[in-house]
1. To make sure I understand, if each residue's beta carbon is the centre and we count other beta carbons within 10 Å, what order do 33, 69 fall in, fewest to most?
2. So, how do all the Cα-to-Cα distances of the range 74-117 break down into 10 Å bins, in percent, from 0 on up?
3. Provide 82, 128 in ascending order of the number of other Cβ atoms located within 10 Å of each residue's Cβ, fewest first.
4. Mind giving me the nanometre distance, one decimal, between the label points for residue 81 and residue 137, set 7 Å out from Cα along Cα→Cβ?
5. Cut-off 20 Å, label point 7 angstrom out along Cα-to-Cβ of residue 101: give me the residues of the range 62-89 whose amide nitrogen falls inside.
6. Any chance you could list the semi-axes, whole Å, largest first, of the equivalent ellipsoid that the Cα gyration tensor gives for the range 27-140, using √(5λ)?
């Protein structure tokens, strides 16, 4: 709802009801920082302590990252992307050169495994950045002990 001043007819600041305004979290920048395997909040601290284990707290800015829930989305995205690239590459290679199935297997199996392993960390970081920007799963300081779907506390 926007108010107008009576004398000049110019629009004023929108009227907001409820809690205080939270600082902006740009979606693109947060995802990009996650893809670079850095903290989505500051872009300085490392996102991972081990290969796919995110740190609990950013060493640079102190942002709490322990409650992220990337779960199954990163592997799904990796399978989706790598599968399309691999099948496309296989089909284009097969159109140009007539290779045996064993040769294709020897070429495309290591490429598929290597690209999947190399892309898993950045894609998971991007998902964590997405969750942080959208204030999902504890990144918005909401009470995680209450489940609105059940109408009661989480047990």
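Each value in this text was obtained by applying a stated rule to the coordinates, not by laboratory testing. Since this is a predicted model, take the numbers as computed values, not measurements. Here the Cβ is made from the backbone with ideal geometry for all residues, glycine too, and neighbour counts use every protein chain on show.
1. Starting with the residue having the fewest Cβ neighbours, the order is 69, 33.
2. The percentages, shortest bin first, are 27, 53, 18, 2.
3. Final ranking by Cβ density, sparse to dense: 82, 128.
4. Reported label-point gap for residue 81 and residue 137 is 1.7 nm.
5. From the range 62-89, the list is 86-89.
6. Semi-axis lengths for the range 27-140 are 35, 13, 11 Å.
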